[in-house]
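Scroll down for the structure; my scribbles are underneath it.
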Amino acid sequence: QVQLVESGGGLVQAGGSLRLSCAASGRTFSSYRMGWFRQAPEKEREFVATISSGDSKYYADSVKGRFTISRDNAKNTVYLQMNSLKPEDTAVYYCASSRLGYSGAYYTDYDYWGQGTQVTVSS
């Protein structure tokens, strides 16, 4: 049973920073691409960032230069460092574990999801 548990969300002022963590269990973490998505109220879930098993990273244009995805295979954890936060970054953030061989940019590339963590950025 694969489990993904996010933490690190909260309330922050615009311009501030947060670091999200996602602890994974139940599959060989280092072999799988991981991703972060977010969903704002009344909006569809959208791609934020992904990191491959070989440490290749890809970001949505809306977060490029502000967010950094990383992974620690020894701790079975993926991180999302979020800097220069904006009110439009407010959303529930989800981590996900990808199916093997997929690019990681699409919702359907992932077969396991965490429960989400709320990030609220005040103006």
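Rolling a 1.4 Å probe across the protein heavy atoms gives the chain an accessible surface of 51 Å² per residue. Applying the criteria of a DSSP loop state and at most 13 other Cβ atoms within 10 Å to the GluC sites (Glu not before Pro) of segment 1-97 yields Glu42, Glu44.
Dipole orientation for segment 17-123: of the candidates Gln118, Cys22, Gly54, Gly54 has the Cα lying most toward the positive pole (charges on Cβ; Lys, Arg +1; Asp, Glu -1).
Considering only protein heavy atoms and a probe of 1.4 Å, how much of the accessible area of the chain is carbon and sulfur, as a whole percent?
On the way: 2810 of 6330 Å².
Looking at the chain in its full context, I get 44 percent from C and S.
In whole Å, how far is the Cα centre of segment 30-61 from that of segment 78-109? So the two Cα centres are separated by 3 Å.
I'd like the per residue volume of the convex hull spanned by the Cα atoms of segment 79-123, given in cubic angstrom.
Details: hull volume 4.0 nm³, N = 45.
About 89 Å³ per residue, rounded to a whole number.
Calculated on the alpha-carbon coordinates, the convex hull of the chain measures out at 92 cubic angstrom per residue.
Charge dipole (Cα centre; +1 on Lys/Arg Cβ, -1 on Asp/Glu Cβ; no other charges) of segment 69-109 amounts to roughly 140 debye. Label sites at Asn83 and Thr28, each approximated as a point 7 angstrom past Cα along Cα to Cβ, lie 3.5 nm apart. Ignoring lysines fewer than eight residues from Lys75 along the same chain, the ones with Cα atoms less than 29 angstrom from its Cα are Lys57, Lys64.
The values are calculated or read from the model by the stated rules, or taken from the named source; none is laboratory data. As the structure is a prediction and not an experimental result, all values here were calculated from the model. All Cβ positions, even for glycine, are placed from backbone atoms using ideal geometry, and neighbour counts span all protein chains on display. Surface areas here come from the heavy atoms of the whole protein model, side chains and all, with no ligands, DNA or RNA. Shrake-Rupley method; radii C 1.70, N 1.55, O 1.52, S 1.80 Å.
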